[in-house]
Amino acid sequence: MFRNFAIILCPPLLFCTAAKANTVYESSAPIAYMIDLSSGAILFDKGSDKQIPPASMAKMMSAYVVMDKIKNGGLPLNKKITITPEIWQKWNNQGSTMFLSSGEQVTVENLMHGMVTLSGNDASIALAVGISGSEAAFVEEMNKTAKRIGLINSRFGTANGWPDEGRTLVTAQDLAILARRTIEDFPELYTKFYGRKEFSWGGITQPDRNPLLGKIAGADGLKTGHTEEAGYCFTGTAQQNGRRLIMVVAGLGSYNGRITESTNFMKWGFEAWTSKPVFKKGDAIANIPVQLGSDSSLKITAPRDMAVTMPADKAAGYKLFIRYKGPVKAPIAKGDQVASLVVMLNDGSEQVSPLYAGEAVTEAGFFGRAWNGFKSLFSA
């Protein structure tokens, strides 16, 4: 039987004050959500668990699948994909397009730029077909991957988010998870493909529609979306002074409304909240006991700089502790999520960040288990 355990960390109680700002925000978007990755704090939540059509924000999921294949070495960036007549005929003038030509051979790298920066429907389908043999097979991979990384309330029916009679539905919470996983799982590829202001193909230069670029310092992603059904949507992120915020807005009524709401929302996230560092990347946080392992404990280190986020207009105290579901049993692979860092503010709210195994622990043989059991009899 598994139970929740907690390890209290020191110092147990701290206080912080900062310049006055207003933590109350009124969003004009029907759906709005913001999280601070440095702490796991949810700064704003309006309808984040409601399933909605994502429009072109679905391309974030396609991009994740492609990046996963690139990272694992199975998909070279210079692999050329042939644009079939069927793809050209259906998508050369259907919504956003990269303006690909029938019979053209295009590298995975350029198709990724076409999908991410230009939101090209043709580029998305070309990648799907070129990688998996058909869009349906690629979509199956999208859904399997979405489930694996924690998108529990989303499903995908297309590779580009084109309206599909309600099969493709997501939540703002899941889009934020997808954005975080993209940034953290593929930092180099994220930097390579997201945040470009424009991209040129076939002699045509088109801008990225990201409403934060050039308006919010540190903005570098992610993806806009628009259909009549979904309205104007955006999943965005920016990083300032070590703090990275992810925001989602959906259902807005106009292109300019999306620009205004996105920039105001992100400004508020940085100005109305303050962040206090608690761990540097690589800092030792705690040791978690391991059962049936080659080692009796697992050292947990900070996977990145970690902080607590508090309203900038008032003093706030907090406690730190590690939460994990035990007993933790071997084998444990490096990178497995094994615990969470929990910041409990003095109002009772929690900020939760995942913690991962910094090393592998193999399963012990009979004598190893016996020795670890013997040692545990004399441990404090």
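The values are calculated or read from the model by the stated rules, or taken from the named source; none is laboratory data. Just so you know, these numbers come straight off a predicted model, no measurement behind them. Cβ atoms come from the backbone with ideal geometry, glycine included; neighbour counts cover every protein chain shown.
Across region 180-189, what is the number of residues that are more than 11 Å from the chain's Cα centre (by Cα) and touching a residue at least 12 places away in the same chain (Cβ under 8 Å)?
Residues flagged as more than 11 Å from the chain's Cα centre (by Cα) and touching a residue at least 12 places away in the same chain (Cβ under 8 Å) within region 180-189 amount to 1.
How about region 322-346: which of its residues are small (Gly, Ala, Ser) and either touching a Lys or Arg at 6+ places or on another chain (Cβ under 9 Å) or under 20 Å from residue 181 (Cβ atoms) (or both)?
As a first pass, look at region 322-346 and keep what is small (Gly, Ala, Ser): 326, 330, 333, 335, 339-340.
The answer is 326, 333, 335, 339, 340.
Just for region 63-106: of the residues that are part of a loop (DSSP other than H, G, I, E, B), β-branched (Val, Ile, Thr) and over 28 Å from the mean Cα position of the chain (by Cα), which one is farthest from residue 192 (Cα to Cα)?
To start, the set of residues in region 63-106 that are part of a loop (DSSP other than H, G, I, E, B) comprises 72-79, 83-84, 92-104.
Narrowing further to those that are β-branched (Val, Ile, Thr): 83-84, 97.
Retained after the next criterion (residues that are over 28 Å from the mean Cα position of the chain (by Cα)): 83-84.
On the way: 83: 23, 84: 27 Å.
Here the residue is 84.
When residues of region 69-90 are filtered for being touching a residue at least 60 places away in the same chain (Cβ under 8 Å) and in contact with a Gly (Cβ under 9 Å, 6 or more places away or on another chain), how many remain?
Just the residues of region 69-90 that are touching a residue at least 60 places away in the same chain (Cβ under 8 Å), to begin with: 69-71.
Okay, now just the ones that are also in contact with a Gly (Cβ under 9 Å, 6 or more places away or on another chain), so none.
Count: 0.
Given the structure, is residue 118 within 17 Å of the chain's Cα centre (by Cα), assigned to a loop (DSSP other than H, G, I, E, B) and assigned by TED's automatic domain parsing to the domain that holds residue 61?
Working: within 17 Å of the chain's Cα centre (by Cα): no; assigned to a loop (DSSP other than H, G, I, E, B): yes; assigned by TED's automatic domain parsing to the domain that holds residue 61: yes.
Here the answer is no, as residue 118 does not meet what is asked.
Scan (1) more than 14 Å from the chain's Cα centre (by Cα); (2) buried (at least 24 other Cβ atoms within 10 Å of the Cβ); (3) not in a helix (DSSP H, G or I) for the single condition residue 229 breaks and write down its number.
Looking at each condition in turn, residue 229 falls short on (2).
Quick one: is residue 222 within 12 Å of the chain's Cα centre (by Cα), outside any loop (DSSP other than H, G, I, E, B), in contact (Cβ under 8 Å) with a residue 40 or more places away in the chain and over 18 Å from residue 114 (Cβ atoms)?
On the way: within 12 Å of the chain's Cα centre (by Cα): yes; outside any loop (DSSP other than H, G, I, E, B): yes; in contact (Cβ under 8 Å) with a residue 40 or more places away in the chain: yes; over 18 Å from residue 114 (Cβ atoms): no.
When the stated conditions are applied, residue 222 does not pass them.
Pick out the one residue from 337, 351, 291 that is of a type outside the set (D, E, K, R), out of contact with any His (no Cβ under 7 Å at 6 or more places or on another chain) and farther than 25 Å from residue 149 by Cα.
On the way: 337 fails: farther than 25 Å from residue 149 by Cα; 351 fails: farther than 25 Å from residue 149 by Cα.
Criteria check complete, one pass: 291.
Step by step: first the residues of region 232-251, then only those that are touching a Gly at 6+ places or on another chain (Cβ under 6 Å) and touching a residue at least 24 places away in the same chain (Cβ under 8 Å), then the one that is nearest to residue 123 (Cα to Cα). Which residue is that? Spell out the reasoning first.
Residues of region 232-251 that are touching a Gly at 6+ places or on another chain (Cβ under 6 Å), as a first pass: 233, 237-240, 245, 247, 251.
Keeping just the survivors that are touching a residue at least 24 places away in the same chain (Cβ under 8 Å) gives 233, 237-238, 240, 245, 247, 251.
Values: 233: 20, 237: 23, 238: 26, 240: 32, 245: 28, 247: 25, 251: 25 Å.
Looking at residues that are touching a Gly at 6+ places or on another chain (Cβ under 6 Å) and touching a residue at least 24 places away in the same chain (Cβ under 8 Å), I get 233.
Report yes if some residue within region 286-304 is closer than 27 Å to residue 49 by Cα, in contact with a helix residue (DSSP H, G or I) (Cβ under 9 Å, 6 or more places away or on another chain) and surrounded by 23 or more Cβ atoms within 10 Å (Cβ to Cβ); otherwise report no.
Here is the first cut: in region 286-304, the ones closer than 27 Å to residue 49 by Cα are none.
No, region 286-304 contains no residue that is closer than 27 Å to residue 49 by Cα, in contact with a helix residue (DSSP H, G or I) (Cβ under 9 Å, 6 or more places away or on another chain) and surrounded by 23 or more Cβ atoms within 10 Å (Cβ to Cβ).
For residue 259, are the conditions met, namely being in contact with a helix residue (DSSP H, G or I) (Cβ under 6 Å, 6 or more places away or on another chain) and within 19 Å of residue 25 (Cα to Cα)?
Working: in contact with a helix residue (DSSP H, G or I) (Cβ under 6 Å, 6 or more places away or on another chain): no; within 19 Å of residue 25 (Cα to Cα): yes.
Judged against the criteria, residue 259 is not a match.
Whether any residue in region 11-26 is surrounded by fewer than 15 Cβ atoms within 10 Å (Cβ to Cβ), among the charged types (D, E, K, R) and modelled with pLDDT of 60 or more is what I want to check.
Yes, there is a match, as at least one residue in region 11-26 is surrounded by fewer than 15 Cβ atoms within 10 Å (Cβ to Cβ), among the charged types (D, E, K, R) and modelled with pLDDT of 60 or more.
Name the one entry in 181, 155 that is out of contact with any strand residue (DSSP E or B) (no Cβ under 7 Å at 6 or more places or on another chain), charged (D, E, K, R) and more than 14 Å from residue 59 (Cβ to Cβ). Let's see the steps before the verdict.
Details: 155 fails: out of contact with any strand residue (DSSP E or B) (no Cβ under 7 Å at 6 or more places or on another chain).
Going through 181, 155 in turn, the sole match is 181.
In region 239-263, which residues are buried (at least 24 other Cβ atoms within 10 Å of the Cβ) and among the hydrophobic types (A, V, I, L, M, F, W, C)? Outline the logic, then answer.
Quick first cut of region 239-263, residues buried (at least 24 other Cβ atoms within 10 Å of the Cβ) only: 245-250, 252, 258, 262.
Correct list: 245, 246, 247, 248, 249, 250, 252.
Could you tell me whether region 51-62 includes any residue that is buried (at least 21 other Cβ atoms within 10 Å of the Cβ), within 27 Å of residue 281 (Cα to Cα) and of a type outside the set (A, V, I, L, M, F, W, C)?
No, because not a single residue in region 51-62 is buried (at least 21 other Cβ atoms within 10 Å of the Cβ), within 27 Å of residue 281 (Cα to Cα) and of a type outside the set (A, V, I, L, M, F, W, C).
For region 190-219, give me each residue that is in contact (Cβ under 8 Å) with a residue 24 or more places away in the chain, assigned to a strand (DSSP E or B) and not small (Gly, Ala, Ser).
Within region 190-219, 198, 199, 201, 204, 206 qualify.
Considering (1) under 30 Å from residue 112 (Cβ atoms); (2) within 24 Å of the chain's Cα centre (by Cα); (3) polar (S, T, N, Q), say which one residue 301 fails and leave the rest.
(1)
For a quick check of your reading of the model, give me the residue pairs whose first member lies in region 290-303 and is outside the structural domain of residue 356 (by TED's automatic domain parsing), whose second is crowded, with 17+ Cβ neighbours inside 10 Å and not charged (D, E, K, R), with beta-carbon atoms closer than 6 Å and at least 6 apart or on different chains.
none
Can you confirm whether region 73-86 contains a residue that is farther than 25 Å from residue 226 by Cβ and modelled with pLDDT under 95?
yes
It is to be established whether one or more residues within region 244-266 are in contact with an Asp or Glu (Cβ under 7 Å, 6 or more places away or on another chain) and farther than 27 Å from residue 95 by Cβ. Before the answer, list the steps.
Within region 244-266, the first condition is being in contact with an Asp or Glu (Cβ under 7 Å, 6 or more places away or on another chain), and the residues that meet it are 245, 249, 252.
Then drop every residue that is not farther than 27 Å from residue 95 by Cβ, which leaves 245.
There is at least one residue in region 244-266 that is in contact with an Asp or Glu (Cβ under 7 Å, 6 or more places away or on another chain) and farther than 27 Å from residue 95 by Cβ.
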